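Novice: Input: one structure, supplied below.
Every read-out reported here was derived from the displayed coordinates using simple, explicitly stated rules and does not represent laboratory data. No experiment lies behind these values; they were computed from the predicted model shown. Here the Cβ is made from the backbone with ideal geometry for all residues, glycine too, and neighbour counts use every protein chain on show.
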Amino acid sequence: MDTCDTTACQSAREIFKELEEMYDEHNLYFQTIGSVLEAADALNVPQRLKLMLTQPKNEIMVHCPVEMDDGTWKLLKAYRVQHNNVLGPYKGGIRYHPEVKLDEVKTLALLMTMKCALARLPFGGAKGALRINPRDFSKDELMRVTRRMTSALGDNIGPDYDIPAPDVGTNAQVMAWMADTYINFAESSSKVIARGVVTGKPLEFGGSAGREKATGQGLVYVLDALLPGMGIELDKVTCSLIGYGNVGSWTARLLQERGTTLRAVLDHTGAILNTSGIDAEALAAHVLATGGIKGFAGADAVDEVTFYSTPVDLFIPAALEQMVDLEHAERMQCKVLVEGANAPTTPHAERYLLDKGVEVLPAILCNAGGVTVSYFEWKQNRQSETWDEEVVDELLKKTMTRSAERVLKMSQRLDCNMRIASYASAIEHIDNVYELRGVFP
Ligand code: NAD
């Protein structure tokens, strides 16, 4: 396992000591807050801000009894972590995954605070999770589970307070059930605004055009903004992907439209390779029909070692956290690591890749397209408006391009890597707002 011996971890050690909190250096939350604090140190922000960012404001845990189709009962655990709301209501996805842990949710909530601040969205950061494997549940069971979890969260969520969205294992249908449940409990005078309690809803029920593809689309706009400066042309590059769900499959399809060649994919069912190019649309249809990439006729099945060793220009992890570790990084032959997933790279792997000259584009920049279009959906819901996809795409492009420029500028100003620069830009904005608002009382 990677050992955390970076300057980032020195900063985290000091702050955790001051808070009299126990820490484990292999823990994802500890490692992530370490990088955030390294950026805070580079800016010389007040100690109070470092303390406030180190712990989430609220950590909510609920247990939901739910009846299964066969008459048996399960007691399910759900988390909602609300990290910081100085910029606006808490915002962040809800994940359904069987192995989810509180520290993982805390990490993702912290990253949401950073992501919204970097994009200058009027939102704070949160994240939620329900500890189930959604593949083991029938549609009716998923609906009952979702409704029960929503009612258990109660006033801890709301369109002006904390706004969930889809994440790993959840989708527009889950958001529709959450919104419907919340609306049923809402006062009659606020039922219209109440559907804004979640974003990523189906188009027919308050969703936004362009939301489903938004994270992949945003990632492509970031590449548009940054690759030319690295001397790389998007229409001539090859790429490989970990994960072929929402983020992975949309990224692949949109990159294919731009002329990029997809060489290799890894998901929970296996790995595939075709050096002359995998048809991203056909693969998306296969995954929709079968649940995974295994058995896809347009590529050869390969092992993980071959997947990671395949030479590509862009390597895009778009699955779960910490999948790119040092062992994998030592095999990888790419020019740019583009983080589609949240926290997909261990600190040791990142340091190794940076030392080797690989550019690492951080998640809070690359995958902010989802929360950005969620913001557009929330705005449309509040104004009872429906925007065309072209309007959404144009605004998304503007937001992503500005964020990319901000990160580039900060990396030059502080002479640091893109991850530290992205956190620094976010922290500087949060610091300015705290300066203006003050810290109550
Ligand atoms: P998803 O559930 O649609 O897809 C997850 C993918 O990960 C699937 O292809 C699955 O096969 C793959 N996967 C799971 N376990 C794996 C394993 N052990 N090995 C290899 N692959 C594995 O999820 P998503 O919405 O695409 O989210 C992916 C990542 O992007 C997550 O980190 C999520 O937090 C982040 N993200 C998502 C959005 C969004 O709008 N959906 C926005 C920002 C960030």
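Novice: All other residues with a Cβ under 13 Å from the Cβ of Ile272 taken together, and with Lys, Arg as +1 and Asp, Glu as -1, what is their net charge?
Specialist: The answer is -3.
Novice: Ok, one more. For segment 338-429, which GluC sites (Glu not before Pro) are in a loop by DSSP, counting at most 15 other Cβ atoms within 10 Å?
Specialist: Glu385
Novice: Going by Cα centres, segment 352-411 and segment 116-139 are how many Å apart?
Specialist: That distance is 17 Å.
Novice: Taking every alpha carbon pair in segment 212-263, what does the distance histogram look like in 10 angstrom bins from 0, in percent?
Specialist: 26, 59, 15, 0
Novice: With contacts defined as alpha carbon pairs under 8 Å and 6 or more residues apart, what's the relative contact order of the chain in percent?
Specialist: Taking the mean separation of contacting Cα pairs over the length of the chain, I get 15 percent.
Novice: Which shape class, rounded, prolate or oblate, goes with segment 166-289 when its Cα gyration tensor gives a ≥ b ≥ c as root eigenvalues, a/c under 1.5 marks rounded, and past that a/b bigger than b/c marks prolate?
Specialist: Numbers: a/c = 3.54, a/b = 2.00, b/c = 1.77.
The shape class here is prolate.
Novice: Let me ask something else. Sorted from largest down, what three extents in whole angstroms do the Cα atoms of segment 214-361 have along their principal axes?
Specialist: 40, 30, 26
Novice: In debye to the nearest 20, how big a dipole does the chain give about its Cα centre with +1 on each Lys and Arg Cβ and -1 on each Asp and Glu Cβ?
Specialist: 920 debye
Novice: Also, I was wondering about something else. How high is the relative contact order of segment 276-422? Use alpha-carbon pairs under 8 Å, at least six apart in sequence, and give a whole percent.
Specialist: 15 percent
Novice: Also, quick follow-up: Looking at segment 61-111, which GluC sites (Glu not before Pro) are DSSP coil and have at most 15 other C-beta atoms within 10 Å of their C-beta?
Specialist: Glu99
Novice: Pairs to check: Lys57/Lys139; Lys74/Lys191; Lys17/Lys50; Lys335/Lys398; Lys127/Lys335. Give those whose C-alpha atoms are more than 24 Å from each other in this structure.
Specialist: Numbers: Lys57/Lys139 34 Å; Lys74/Lys191 31 Å; Lys17/Lys50 13 Å; Lys335/Lys398 26 Å; Lys127/Lys335 31 Å.
Beyond 24 Å between Cα atoms: Lys57/Lys139; Lys74/Lys191; Lys335/Lys398; Lys127/Lys335.
Novice: Students often check this: by mean Cβ neighbours within 10 Å, which of 213-222, 116-125, 184-193 ranks highest, and how do the rest follow?
Specialist: Listed from highest to lowest mean packing, they are 213-222, 116-125, 184-193.
Novice: Follow-up. Where a Cα-Cα gap under 14 Å defines reach, which aspartates and glutamates qualify for Lys101, not counting those fewer than 8 residues away within the same chain?
Specialist: Qualifying aspartates and glutamates at Cα under 14 Å: Glu59, Glu321.
Novice: Report, in deg cm²/dmol and to the nearest 500, the calculated mean residue ellipticity at 222 nm for the chain, where each DSSP H run with n ≥ 4 adds -39500 (n - 2.57) and the sum is divided by the residue count.
Specialist: Value at 222 nm, helices only, nearest 500: -14500 deg cm²/dmol.
Novice: Over segment 56-191, calculate the relative contact order: mean separation of alpha carbon pairs under 8 Å at least 6 apart, over the residue count, as a percent.
Specialist: This gives 28 percent for segment 56-191.
Novice: Give the separation of the Cα centroids, segment 263-307 to segment 1-51, in Å.
Specialist: 38 Å
Novice: Quick check of the Kirkwood formula: for the chain, what is the inverse mean of 1/r over all pairs of different Cα atoms, in Å?
Specialist: Result for the chain stands at 22.0 Å.
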